[in-house]
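The values are calculated or read from the model by the stated rules, or taken from the named source; none is laboratory data. Source: prediction; values computed, not measured. Backbone-built Cβ (ideal geometry, glycine too); neighbour counts: all protein chains shown.
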Ligand SMILES: Cc1ncc(COP(=O)(O)O)c(C=O)c1O
């Protein structure tokens, strides 16, 4: 057995991992064309113009139909998806335990009460078993986040939603291009939110997001909310005057949209490469007693925003941090802990949302728990028994082979 790099032995990989190369000449050409047209006509490009309409059409085509509204971040995509549902203030919304702050803060800012479900300990996601006990007569919606690009087991969640008359918002910020039971994630719930910030599968420049739904009514309601209540989709003669609902300005813009259309053309290759690398590592390590790609819902295909790795600490002589330090020393970029648990944060625990009011929990009209509800014991265990290996579409067979070789080497060296 060769000596671990951390102990002075040779590294599995000396080359840095390849850079993503997410933006290229096609994105640049799309942006330049927009500037050329603006300069030639003397009219600045704006938002909701031809390039944004085209981008939304391209996105809908990718999803196989439905309706899309491009917005300016993934956080605001979730905010507008909630806005589309027209939930009464103080509605309870069941939220994921492990997510970006932008995957839960919009719930509070929409005047609703986030109730945090625990994780299925085999993953970073909450599934029906964790969600069901939290449903009350006040529950109106569930946010199902597909963290790491790994699908939530949605069929039982949709069954729960149907039984209790709830909306399901899919948070696909990390899961563009992933599938569940042959269906694209984002097409299964009532409405979905995507992020297109620069670190995601595809981008619209620095920031961006997309609200997607197959329900035309929700689409128009989302659009209204995303653009200060403008009467999009309101039929003539309906009797409304001017703006029809209070909303904010979450619009994307034509420049970002032009970049987005160019990125959508790359997306199939981006996802295919990630899937190839992720599945290769998963399959190669399937029989390893100590380290493997984390459990995935049967009949699903992750789009691998990162590789969620499971470590079996009972099979090792060392703790996870020591294992990860050795793996990193072999030349594998990783994050030791994905402790993205919003319910642990000050803003959530101390109800710092609307000044000192404690709203929504402390509102006298709210009949639920005055202390924020968050079941996170299994989420913490999930974080403690997993770590993340970075992957990207620029990785190929050699990178997959190095990840596997390094994992096997470290696991063998530290085996009990
Ligand atoms: C699951 C999840 N939801 C929401 C967001 C927020 O997206 P954005 O950063 O585009 O606002 C993120 C961002 O990483 C995320 O991972």
One residue is enough: does segment 211-221 have a residue meeting the conditions within 30 Å of residue 272 (Cβ to Cβ), within 16 Å of the ligand (Cβ to nearest atom) and assigned by TED's automatic domain parsing to the domain that holds residue 80?
yes
Output the number of residues of segment 181-202 satisfying the condition of being over 15 Å from residue 305 (Cα atoms), outside any loop (DSSP other than H, G, I, E, B) and within 16 Å of the ligand (Cβ to nearest atom).
3
Of the residues in segment 265-297, how many are under 20 Å from the mean Cα position of the chain (by Cα) and either within 23 Å of residue 383 (Cβ to Cβ) or in a loop (DSSP other than H, G, I, E, B) (or both)?
7
What's the total number of residues in segment 86-107 that are more than 11 Å from the ligand (Cβ to nearest atom) and surrounded by 23 or more Cβ atoms within 10 Å (Cβ to Cβ)?
5
Does any residue of segment 144-155 turn out to be free of Cβ contacts under 8 Å to residues at least 60 places away in the same chain and away from the ligand (no atom under 16 Å from the Cβ)?
yes
State which residue is nearest to residue 50 (Cα to Cα) when the search covers only segment 211-264 and only residues that are assigned to a loop (DSSP other than H, G, I, E, B) and under 20 Å from the mean Cα position of the chain (by Cα).
252
Taking into account only those residues within segment 8-23 that are over 24 Å from residue 68 (Cα atoms) and in contact with a helix residue (DSSP H, G or I) (Cβ under 8 Å, 6 or more places away or on another chain), which is surrounded by the most Cβ atoms within 10 Å (Cβ to Cβ)?
12
Identify, from the list 174, 207, 183, the residue that is at pLDDT 95 or above and surrounded by 21 or more Cβ atoms within 10 Å (Cβ to Cβ).
174
If I ask for residues that are touching a residue at least 24 places away in the same chain (Cβ under 8 Å) and over 10 Å from residue 302 (Cα atoms), which ones from segment 175-184 would you list?
181, 182, 184
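Yes/no per residue for (1) more than 16 Å from the ligand (Cβ to nearest atom); (2) buried (at least 22 other Cβ atoms within 10 Å of the Cβ); (3) modelled with pLDDT of 95 or more:
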{"residue": "40", "(1), (2), (3)": "yes, no, yes"}
{"residue": "43", "(1), (2), (3)": "yes, no, yes"}
{"residue": "47", "(1), (2), (3)": "yes, no, yes"}
{"residue": "52", "(1), (2), (3)": "yes, yes, yes"}
{"residue": "57", "(1), (2), (3)": "yes, no, yes"}
{"residue": "62", "(1), (2), (3)": "yes, no, yes"}
{"residue": "69", "(1), (2), (3)": "no, yes, yes"}
{"residue": "76", "(1), (2), (3)": "no, yes, yes"}
{"residue": "82", "(1), (2), (3)": "no, yes, yes"}
